[in-house]
Amino acid sequence: MAEQALRKAPLGGFHGGSAVAHVTAAGPASRLSLRAGADAVSALSKALGLDLPTRPKTSASSDGRHALWLGPDEWLLIDENGADLAALAAKADVLHSAVDVSHRNTAVLVSGTKAAVAIASASPHDLSPAVFPVGACARTVLGKIEVVIFRTGEQDFRVECWRSFAPYAFGLLAEGAEDAGL
Amino acid sequence: MLLIYCPYCEEERSELEFRHGGDAHIARPTNIADITDEEFAEFFFLRDNPKGLIFERWRHIHGCGRFFNAARDTVSDKFYASYKAGEPKPDLSAVHPATEKTVETYEATEGTAK
Ligand SMILES: [Zn+2]
């Protein structure tokens with residue numbers, strides 16, 4: 001009988017893509033679903049060490065930690081170094097809701113000259129640089145599932161999805177990446 | 001594919017991100033315990049189903065998550081305006097003619113043709 005639970009990466013062993021759009025599984029990260037009113041934003045920003053964005057589709061990043069605007073009172077926080085974001089948020093003595101979703105989500109990284117084309121094969125969101133520049137983020141749909149798309153570079157995207165949908169998201173993106181290379 | 005303007009995201013987004021939420025501006029009676037069953041049914045179940053301009057609730061469920069209101073033409077599907085929840089109905093008389101009052105229900109068109 002196993003003495004301890006083993007952590008298994010949801011996309012362990014997955015590989016795909018093409019020369020123009022690489023599709024890879026993102027490494028583990030801690031994540032926080034944060035809800036708060038406008039009056040709590042400055043205290044939470046201080047506690048989390050970055051300015052929570054208050055404009056649609058914008059994000060803030062600092063040392064591998066990202067705050068993504070999802071709605072007028074909602075953010076997705078991602079820390080690639082695995083910091084305990086809920087504990088940090090709890091230091092702010094203001095009304096807020098913080099739910100650790102580190103293991104609810106996983107992410108697929110799409111990069112390359114045609115990364116946007118690969119994603120656009122399954123998502124209606126406009127990813128052109130004029131309206132979706134580096135740092136832009138948005139919750140939208142990819143095929144039949146909900147995702148958060150975050151542009152981390154000119155040719156680099158992070159696609160956050162729910163863990164149980166990850167093989168579906170990866171498959172769609174890998175297929176889109178192959179088509180983009182034709 | 002329809003593009004719907006979300007007043008919270010401040011841009012047009014694909015209809016795939018939205019969910020329809022029924023008629024807007026339906027006010028709950030303040031004297032709900034006093035009204036008759038018929039009056040309650042009128043408030044709770046019955047909607048006008050207009051041909052033409054309609055004010056509806058929509059939710060940007062796969063985007064910012066917010067409910068908002070929109071004015072749409074039920075014939076052409078054209079969206080005339082989107083505005084935040086809680087804001088009053090916009091005046092659209094300049095861009096849209098008055099809605100036809102005729103309602104084509106089964107009863108109205110087929111009810112007597114037995
Ligand atoms: Zn929105």
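Within segment B:44-62, residues that are of a type in the set (S, T, N, Q) reach partners that are surrounded by fewer than 15 Cβ atoms within 10 Å (Cβ to Cβ) with beta carbons closer than 9 Å, at six or more positions or on different chains, in the pairs B:Asn49/B:Thr74; B:Asn49/B:Val103; B:Asn49/B:Glu104; B:Asn49/B:Thr105. Could you grab me the full set of residues in segment B:13-68 that are within 15 Å of the ligand (Cβ to nearest atom), in a strand (DSSP E or B) and over 11 Å from the mean Cα position of the chain (by Cα)? Within segment B:13-68, B:Arg13, B:Ser14, B:Arg19, B:Arg59, B:Phe67 meet the criteria. As a summary of the residue check, B:Met1 satisfies the conditions (1) open to solvent by 100 Å² or more (accessible area, probe 1.4 Å); (2) more than 14 Å from every other protein chain (Cβ to nearest Cβ) except for the one numbered (2). Considering only residues that are open to solvent by 20 Å² or more (accessible area, probe 1.4 Å) and part of a strand (DSSP E or B), look in segment A:134-168 and name the one that is nearest to A:Val117 (Cα to Cα). If we take residues in segment A:134-168 being open to solvent by 20 Å² or more (accessible area, probe 1.4 Å) and part of a strand (DSSP E or B), then A:Asp156 is nearest to A:Val117 (Cα to Cα). Do we have any residue at all in segment A:56-70 that's buried (at least 19 other Cβ atoms within 10 Å of the Cβ) and in a loop (DSSP other than H, G, I, E, B)? Yes, there is a match, as at least one residue in segment A:56-70 is buried (at least 19 other Cβ atoms within 10 Å of the Cβ) and in a loop (DSSP other than H, G, I, E, B). Within segment B:29-61, the set of residues being open to solvent by less than 40 Å² (accessible area, probe 1.4 Å) and within 14 Å of chain A (Cβ to nearest Cβ) comprises B:His60 only. Being open to solvent by 30 Å² or more (accessible area, probe 1.4 Å) and more than 16 Å from the ligand (Cβ to nearest atom) is the filter here, so list the residues in segment B:69-83 that pass it. Those that are open to solvent by 30 Å² or more (accessible area, probe 1.4 Å) and more than 16 Å from the ligand (Cβ to nearest atom): B:Arg72, B:Thr74, B:Val75, B:Ser76, B:Asp77, B:Lys78, B:Tyr80.
Looking only at residues in segment B:13-28 that are surrounded by 14 or more Cβ atoms within 10 Å (Cβ to Cβ) and within 18 Å of A:Pro72 (Cβ to Cβ), the one that is nearest to the other protein chains (Cβ to nearest Cβ) is B:Glu17. Can you give me the number of residues within segment A:71-93 that are more than 16 Å from the ligand (Cβ to nearest atom), charged (D, E, K, R) and surrounded by 14 or more Cβ atoms within 10 Å (Cβ to Cβ)? Result for segment A:71-93: 2.
Residues to consider are A:His125, A:His103; find the one that is closer than 22 Å to A:Gly82 by Cβ, outside any strand (DSSP E or B) and out of contact with any helix residue (DSSP H, G or I) (no Cβ under 6 Å at 6 or more places or on another chain).
A:His103
The values are calculated or read from the model by the stated rules, or taken from the named source; none is laboratory data. Computed from a predicted model, the values in this text were never measured in an experiment. Please note: Cβ atoms are built from the backbone with ideal geometry, for glycine as well, and neighbour counts cover all protein chains shown. Calculation scope for accessible area: heavy atoms of the full protein, side chains included, ligands and nucleic acids excluded. Shrake-Rupley method; radii C 1.70, N 1.55, O 1.52, S 1.80 Å.
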